[in-house]
Amino acid sequence: MSPPRLLIILAGLLPGTLCAHSFGRPSQLPMPYWMYIYGAMAALLLSFVVLAWLLRAERSHQSPPALGFSPPHCTRRLKPLLQGLMLAGFGLAIVSGLLGSQDSYRNFNMTFFWIAFALGASYASALLGNWYAALNPWKLLCQAIGKLHAGFCHGRFSYPQALAYWPALALYMGFISLELFADIRPFSLSVWLLIYTAINLLATFLWGARAWFRYGELFAVMFRLIAMMAPLQRSDQSGDGQRPQWQLRWPFSGLLGQRVEHPSLLIFLLFMLSSTAFDGLRETSLWFNLFWADPFGLLSPLLGKHPLHAYIELRPWYIAYEVLWLLMSPLIYLGLFLLFLWLGKKLVGSALGLRELALRFGYSLLPIALVYHITHYYSLLFSDGVKLRALLSDPFGWGWNLFGSAISGRVPILLDMGIIWDSQVWLILIGHVASVYLAHMEALRSFNNQRSAALSQLPMLLLMLLFTGAGLWILAQPLQG
């Protein structure tokens with residue numbers, strides 16, 4: 001069999017992940033996809049021109065407008081109920097994985113964790129703010145143990161400053177590696193959840209709940225970053241009857257004037273961006289062919305045959321190859337980010353160091369990370385998330401029908417491919433325009449001069465244009481069939 005034909009067959013045999021792309025089959029668009037990409041890039045360029053013309057330095061020091069309000073008293077009673085439901089959900093997920101059916105589509109824990117929690121909780125944070133701080137199941141478990149054993153949550157040692165957010169980053173990389181490369185089944189997912197629970201308990205015992213759930217617990221760090229962009233924010237002021245406890249604000253405005261706390265947090269948010277982009281890239285024929293087609297003739301002389309004819313032997317090495325690129329991806333993005341910051345610094349002759357500029361402008365990349373995540377995965381909430389209603393009636397996959405929805409709740413919602421593509425284009429564009437706006441506002445604060453701010457952002461504009469084109473190109477690959 002010829003290598004090209006074998007390449008096509010093997011590409012179809014590669015295992016997919018639960019969090020795959022939104023498109024499952026080719027779809028005909030009203031225009032060539034490259035017109036969408038160039039149109040989005042042109043709109044981004046136009047937005048930069050408008051922002052550079054209209055924004056003034058004095059506006060960069062003003063607090064963004066927000067509408068304060070106090071929630072009804074009855075909402076306070078919901079907190080214990082929601083905490084109980086969160087603990088019950090994770091408890092059921094672990095037990096159902098250990099004892100229930102190993103069919104991923106029939107077991108409650110796969111849909112609950114990967115779809116309802118990993119995806120749904122992210123998007124809930126983008127809308128409702130940092131709700132996870134009050135409902136973190138691992139934090140609640142530690143607090144419950146602390147009531148039984150006084151001092152458990154206080155820790156035995158001070159959290160080392162040198163650790164910063166590195167533990168959260170390491171756990172995040174492990175989480176994404178399992179998602180993309182491990183053959184996760186209900187039982188193995190439960191085992192991993194138990195291991196993660198043990199890690200949180202041990203870390204809390206050592207360093208205390210306050211430090212660990214700020215710096216080390218990956219979902220606490222990730223959801224808190226996403227919550228900074230939410231239109232709903234809980235005020236730091238205590239509810240004394242005079243000051244509002246909640247605020248409504250413009251989306252993404254919570255990032256204005258914020259500085260990344262530590263380089264480890266900067267790499268964490270870059271990994272939020274790079275891991276999603278990598279997940280999309282690895283499903284393209286370009287990525288597949290770089291290894292298996294051996295375009296540079298590196299593997300064939302070593303193997304004595306075409307790599308496709310050694311697929312079984314090379315498969316573990318290919319997985320290791322992909323894991324390596326995944327772990328390197330935030331460093332590649334960091335290198336690009338620093339390069340374009342350095343170019344902007346040189347253009348205006350700024351005295352600020354490159355590290356300081358990276359920390360000041362780091363949050364401007366968060367909107368891109370968020371919209372990349374949404375565009376890649378949001379349709380799964382419709383196609384797979386709706387099955388949670390059925391799985392609640394039959395969580396173990398044993399044929400139960402506790403709430404009468406075991407059958408009727410399994411019908412997925414399949415969105416029109418054209419609608420999905422249009423929404424992806426708009427989301428990518430909105431995220432990049434928001435990033436351009438945030439970066440320009442930070443430039444006005446850092447350089448305090450409208451001309452210098454606009455000049456410094458020209459390299460960053462080029463970077464945003466590259467991100468826009470690359471992001472839409474990756475999303476469009478399934479459309480090309």
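Taking Phe296, is it open to solvent by less than 70 Å² (accessible area, probe 1.4 Å) and either outside any loop (DSSP other than H, G, I, E, B) or over 30 Å from Ala162 (Cβ atoms) (or both)? No. For Met86, the conditions (1) modelled with pLDDT under 85; (2) in a helix (DSSP H, G or I) all hold with the exception of (1).
Residues in segment 210-230 that are outside any helix (DSSP H, G or I) and within 16 Å of Ala134 (Cβ to Cβ): Glu217, Ala230.
Exactly one residue out of Glu313, Glu322 is acidic (Asp, Glu), part of a helix (DSSP H, G or I) and surrounded by fewer than 15 Cβ atoms within 10 Å (Cβ to Cβ), and it is Glu313. Taking the criterion of being closer than 24 Å to Gly97 by Cα and hydroxyl-bearing (Ser, Thr, Tyr), the residues of segment 112-132 that qualify are Ser122, Tyr132.
For segment 425-445, the count of residues that are without any contact (Cβ under 8 Å) to a residue 12 or more places away in the chain and over 12 Å from Gly344 (Cα atoms) is nonzero. Among the residues making up segment 81-92, those that are surrounded by 15 or more Cβ atoms within 10 Å (Cβ to Cβ) and closer than 10 Å to Pro137 by Cβ are Gln83, Met86, Leu87, Gly89, Phe90. Would you kindly identify the helices (runs of 4 or more DSSP H) lying entirely within segment 112-191 that contain at least 1 residues that are under 17 Å from the mean Cα position of the chain (by Cα)? The qualifying helices (runs of 4 or more DSSP H) are 122-128, 132-135, 166-181. So, of the residues in segment 233-280 that are modelled with pLDDT of 90 or more, charged (D, E, K, R) and open to solvent by 10 Å² or more (accessible area, probe 1.4 Å), which turns out to be nearest to Leu218 (Cα to Cα)? Ranking the qualifying residues of segment 233-280, first place goes to Glu261. Among the residues of segment 411-427, those that are in a loop (DSSP other than H, G, I, E, B) and either β-branched (Val, Ile, Thr) or open to solvent by less than 20 Å² (accessible area, probe 1.4 Å) (or both) comprise Val411, Ile413. Within segment 440-448, none of the residues are open to solvent by 10 Å² or more (accessible area, probe 1.4 Å), under 15 Å from Ser379 (Cβ atoms) and out of contact with any Asp or Glu (no Cβ under 6 Å at 6 or more places or on another chain).
Here is a yes/no grid of residues against (1) more than 18 Å from Leu380 (Cα to Cα); (2) aliphatic (A, V, I, L, M):
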position: Gly418; (1), (2): no, no
position: Ser423; (1), (2): no, no
position: Ile430; (1), (2): yes, yes
position: Gln450; (1), (2): yes, no
position: Ser456; (1), (2): yes, no
position: Leu461; (1), (2): yes, yes
position: Trp473; (1), (2): yes, no
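Yes/no per residue for (1) out of contact with any helix residue (DSSP H, G or I) (no Cβ under 7 Å at 6 or more places or on another chain); (2) small (Gly, Ala, Ser):
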site: Trp138; (1), (2): no, no
site: Ile145; (1), (2): no, no
site: Gly151; (1), (2): yes, yes
site: Ala168; (1), (2): no, yes
site: Pro186; (1), (2): no, no
site: Val191; (1), (2): yes, no
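As a summary of the residue check, Ala42 satisfies the conditions (1) of a type outside the set (D, E, K, R); (2) at pLDDT below 95; (3) open to solvent by less than 40 Å² (accessible area, probe 1.4 Å) except for the one numbered (3).
Residue pairs whose Cβ atoms lie under 9 Å apart, sitting 6 or more positions apart in sequence or on different chains, and linking a residue in segment 284-306 that is closer than 26 Å to Leu472 by Cα and modelled with pLDDT of 85 or more to a partner that is surrounded by fewer than 12 Cβ atoms within 10 Å (Cβ to Cβ) and aromatic (Phe, Trp, Tyr), are Leu290/Phe296.
The values are calculated or read from the model by the stated rules, or taken from the named source; none is laboratory data. Worth saying up front: this structure is predicted, and the values here are computed from it rather than measured. All Cβ positions, glycine included, derive from the backbone under ideal geometry; neighbour counts span all protein chains shown. Note: accessible area is taken over every heavy atom of the protein model, side chains too, but ligands, DNA and RNA are not part of it. Shrake-Rupley method; radii C 1.70, N 1.55, O 1.52, S 1.80 Å.
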